[in-house]
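Notes follow once the structure below has been shown.
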Amino acid sequence: MNIGIVGLPSSGKSTLFNALTRGAAETGRFGSGRAEINQGRVLVPDERLGWLAGVYSPKKRTPASVDFLDAPGVRPGDSARGAASLISDLRTVEALLQVVRVFPDDSVPSPSGSVDAVRDAQDLDAEFLLADLAVAENRLKRLESDRSKGLSTPELAEEEAVLGRVRDGLEEGTAIRCLGLDRREMLRLKGFAFLSAKPQILVGNVGEEEPGGGSADAGLRQLASETGREYLAVSAQIESEIARMDEEEAGAFLEDLGIAEASRGRVIRTCFDLLSLISFFTFGEDECKAWTLPKGSSAVEAAGKIHSDISRGFIRAEIEPFEEFKAAGTWAAAKDAGKFRLEGRDYVMRDGDCVVFRFNV
Ligand code: GDP
């Protein structure tokens with residue numbers, strides 16, 4: 001899963017990126033479009049994997065991971081200056097995390113001269129909408145010209161109809177994810193990698209005095225719900241302090257502030273929910289591993305994640321929900337108690353399923 005962190009300059013985007021990815025398994029930079037982008041791979045904390053590793057003492061323990069990308073700050077008017085690079089920088093991400101400044105701090109100048117979270121969020125939204133509109137209009141022009149030359153097919157006609165709706169919506173200021181397009185229509189649009197079609201989390205970067213958000217970010221919270229987005233209040237400043245502490249120090253610090261947990265876990269969980277992802281586990285003395293899977297995937301699709309041979313030769317999946325496995329203490333005990341189930345290829349995987357695949361190639 002990869003998530004692009006976006007925001008206006010001085011929103012606290014890089015502070016949040018650095019806090020989320022401190023101690024990341026891998027970091028790097030890759031160049032595309034107009035600037036290099038920082039990338040960090042964060043391992044997803046999961047107590048369930050920790051328990052499995054405690055039972056098996058495996059040679060290798062492999063958590064799920066999330067890649068965060070710190071995209072260059074977007075300034076109002078950027079889409080007019082170069083929509084193509086704005087798009088290509090963010091084309092590959094599955095979801096966007098838009099950081100919006102809420103914190104009042106006179107020592108940090110705001111590019112627009114004042115702190116107004118709703119205005120800033122709408123300014124960035126407008127850039128994305130304009131960038132998408134440019135792409136849609138370009139393609140529509142091409143389709144219209146082909147049609148006038150008699151080069152139309154039913155697929156192209158369908159594409160033109162969907163893009164027409166997209167253009168009209170964008171012109172009215174509606175993000176593509178809010179147009180109520182069905183699955184088939186969204187699939188038609190996939191190749192364009194429209195920014196406003198991507199699932200999005202709005203993150204209010206709130207002041208240290210109000211780490212849970214409150215009156216200052218109420219407008220932003222409302223904007224998120226009106227525009228089909230998840231909302232999280234985060235203090236990038238506090239997160240970056242926590243990221244520098246060891247676990248014990250961080251625990252005490254959070255308790256002092258009256259915060260239940262650091263934001264990294266919340267951000268990652270929200271991304272999982274937003275992208276409709278679940279985790280399943282494989283386990284043994286060689287490796288205990290958390291796998292990521294779209295909700296609704298079948299057992300044979302889960303098998304294919306591990307290896308195409310396992311899906312091709314799929315016979316059955318032995319499944320034990322994590323909580324029952326844990327209650328039984330060991331896989332053998334769970335089996336003895338007749339707790340585990342044998343499922344066929346069409347079984348719909350659930351979050352937390354622990355699995356042994358039986359296959360034959
Ligand atoms: P970016 O341009 O969006 O990447 O913003 P940065 O992360 O570089 O932050 C810009 C400035 O704002 C830096 O001086 C940060 O220290 C400061 N900053 C970021 N987040 C917070 C915050 O939550 N509270 C306060 N007071 N300052 C912050």
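Coordinate-derived values only; no laboratory data. For clarity, every value in this text was computed on a predicted model and none was experimentally measured. So basically every Cβ, Gly included, is an ideal-geometry build from the backbone, and we count neighbours across all protein chains shown.
Observations
- Residues with amide H under 5 Å from that of LEU277, placed H, sequence gap 5 or more: LYS295
- Dipole check for the stretch 171-277: with +1 at the C-beta of Lys and Arg, -1 at the C-beta of Asp and Glu, and the Cα centre as origin, the magnitude is about 1040 Debye.
- The stretch 144-202-the stretch 248-262 distance, computed between alpha-carbon centres (Å): 46 Å
- Only Lys, Arg (+1) and Asp, Glu (-1) charged, at Cβ; the chain dipole about Cα centre in debye: 1540 debye
- For the stretch 91-164: rounded, prolate or oblate by the Cα gyration tensor [a/c cutoff 1.5]: prolate
- Taken over the Cα atoms of the chain, the convex hull encloses 171 Å³ per residue.
- Farthest toward positive dipole pole in the chain [+1 Lys/Arg, -1 Asp/Glu at C-beta], among PHE357, THR92, LEU49: PHE357
- A straight Cα-to-Cα reach below 13 Å connects LYS59 with the aspartates and glutamates GLU285, ASP286, GLU287, residues fewer than 8 places away in its own chain not being considered.
- The alpha-carbon of LYS339 sits under 17 angstrom from the alpha-carbons of these lysines, leaving out residues fewer than 8 places away in its chain: LYS326.
- Sequence-distant contacts, meaning Cα pairs under 8 Å at least 6 residues apart, place the relative contact order of the chain at 18 percent.
- In summary, the lysines within cross-link reach of LYS198, defined as a Cα separation below 23 angstrom excluding same-chain residues under 8 places away, comprise LYS13, LYS190, LYS295.
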